[in-house]
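In what follows, a single structure is set out as structure tokens and then discussed.
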Amino acid sequence: MTHRERVLRAIRHEPSDRVPIDLGSTLATTLTVGAEERLRARLGLPAAEPQILSRRSGTVIPDEAILERFDVDTRALLLGAAERRPDREISPDAFVDEWGVTWSKPEGGHYINVDGPFYRLDDPSPGDVERHDWPDPADPGRYRGLRERARALHEQTDYAVVLGLGVGPVHQCQFLRGYGEWLEDLIARRAFAQALIERVTDLWTEIARRALEETAQFVDVVMFGDDVGTQKSPLVRPELYRAVIKPCHRRMAGVVKSFGKPLLYHSCGSVWALIPDLIDAGVDILNPVQVSAAHMDTRRLKAEYGRELAFWGAIDNQGLLPKGTPEEVRAEVRRRIQDLGPGGGYVLAAAHNIQADVPPENVIAMFDEARQFPL
């Protein structure tokens, strides 16, 4: 069975020879720079300059030698950077992106948004959204070489090609306005919040449409991330999600579905209460299946939603991967495959990016066990 066939059968809820595995095909299923360095050393691979996937999160596109060692079934297809409005450097550890958001990295940490175009507005209005200088979805830097890379992955390999379309409007609104402020806006300044999320969604859908016009015939899965869960519950009440956020997610899914592609949606946290809405909005595959969050039991998820939804992730990297033993990791892999794998519907991956504190022995145990454990 080819790698691509294995992934597509899982998405279609069909059995395959083994559970497919992912490392590095999305913004939330890869490694940090430090994690890749430790893994390379443990595998006896020579040191090499990392290929950066996200500067903000310090993550990489894994070295092809690592992907081949673990027989990974997926490969990433990423848009290029904007050329007309590139990042503006402030210091070695701070920059302003094309949206006007300022990012700063504390020593030893990841970048975090610290300022943006709507941060200090006491009474923002839809007019402020209209006056903002927005990114250009037609910026040629995003699409230059994209079709050629997609074609090469599709025709010269048998891997499942995952087109990454970045973050969605929940994240982007929080970056533009501030996390707490935007949550307050949803209640106290609804007209502004609505105008902001709809404008961001307009830009996302136009970028997605242009990217898929270039690549759809070569792409197997389309992915974006938009966190709507916390450790204990959804980020907002389900009623508020349905009123403001869900229509945007439905529009986004509609673009993907118009090209006939399955949608892989990433949200950290406890999203169990929102799953019927996500399915209704057009989500086909849920990532990362954060099993350490409330109500995210894999057996229950499979029983209740396994006919309509596929699952991608589920190997705990909040506690188990950094702190467990290799044998405990192997047991976790067997448990999640037994819960989510029968009849298809499961792609195994870490439940978010593997951090530098994860022992490389645990990464090896995870993928080796996944390849050999029978469905």
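Every number here is computed from the coordinates shown, using simple stated rules; none is lab data. None of these values were measured; they are calculated from a predicted model. Ideal geometry is used to build each Cβ from the backbone, glycine not excepted, and the neighbour counts take in all protein chains shown.
Details
- The range 101-118, residues that are touching a strand residue (DSSP E or B) at 6+ places or on another chain (Cβ under 9 Å) and either closer than 26 Å to ARG190 by Cα or of a type in the set (A, V, I, L, M, F, W, C) (or both): VAL101, THR102, TRP103, ILE112, ASN113, VAL114, ASP115, GLY116
- Verdict on GLU98 being closer than 18 Å to LEU53 by Cα and out of contact with any helix residue (DSSP H, G or I) (no Cβ under 8 Å at 6 or more places or on another chain): yes
- The residues listed here are ASP185, ASP202, ASP158, ASP136; of these, the one that is out of contact with any strand residue (DSSP E or B) (no Cβ under 7 Å at 6 or more places or on another chain) and under 19 Å from ALA281 (Cα atoms) is ASP202.
- Residues located in the range 257-270, provided they are in a helix (DSSP H, G or I) and of a type in the set (S, T, N, Q): SER258
- Filter result (touching a residue at least 60 places away in the same chain (Cβ under 8 Å), aliphatic (A, V, I, L, M) and crowded, with 22+ Cβ neighbours inside 10 Å) within the range 28-68: ALA28, LEU31, ALA35, LEU39
- Taking each residue of the range 353-368 that is touching a residue at least 40 places away in the same chain (Cβ under 8 Å) and closer than 16 Å to ARG335 by Cβ and looking for partners that are assigned to a helix (DSSP H, G or I) and among the β-branched types (Val, Ile, Thr) with beta-carbon atoms closer than 7 Å, six or more apart or interchain, yields ASN362/VAL329; MET366/VAL329; MET366/VAL333.
- Screening ALA331 against (1) touching a residue at least 24 places away in the same chain (Cβ under 8 Å); (2) of a type outside the set (Val, Ile, Thr); (3) at negative phi leaves a single unmet condition, (1).
- Qualifying positions in the range 212-256 - of a type outside the set (A, V, I, L, M), in contact with a strand residue (DSSP E or B) (Cβ under 7 Å, 6 or more places away or on another chain) and either touching a residue at least 60 places away in the same chain (Cβ under 8 Å) or assigned to a helix (DSSP H, G or I) (or both): THR215, PHE218, ASP220, PHE224, GLY225, TYR241
- Across the range 201-220, not a single residue is classified as crowded, with 22+ Cβ neighbours inside 10 Å and closer than 20 Å to ASP123 by Cα.
- Qualifying residue in the range 296-316 (condition: within 27 Å of HIS110 (Cα to Cα) and surrounded by fewer than 20 Cβ atoms within 10 Å (Cβ to Cβ)): no
- The sole residue among ARG142, ARG120, ARG147, ARG151 that is of a type outside the set (Ser, Thr, Tyr) and touching an Asp or Glu at 6+ places or on another chain (Cβ under 8 Å) is ARG147.
- Here THR325 clears all of (1) surrounded by fewer than 21 Cβ atoms within 10 Å (Cβ to Cβ); (2) touching a residue at least 60 places away in the same chain (Cβ under 8 Å); (3) among the hydroxyl-bearing types (Ser, Thr, Tyr) except the condition numbered (2).
- Members of the range 147-181 that are crowded, with 20+ Cβ neighbours inside 10 Å, assigned to a helix (DSSP H, G or I) and of a type in the set (A, V, I, L, M): ALA150, LEU153, VAL170, LEU176
- Against the criterion of being touching a helix residue (DSSP H, G or I) at 6+ places or on another chain (Cβ under 6 Å) and more than 30 Å from ALA152 (Cβ to Cβ), ALA195 qualifies.
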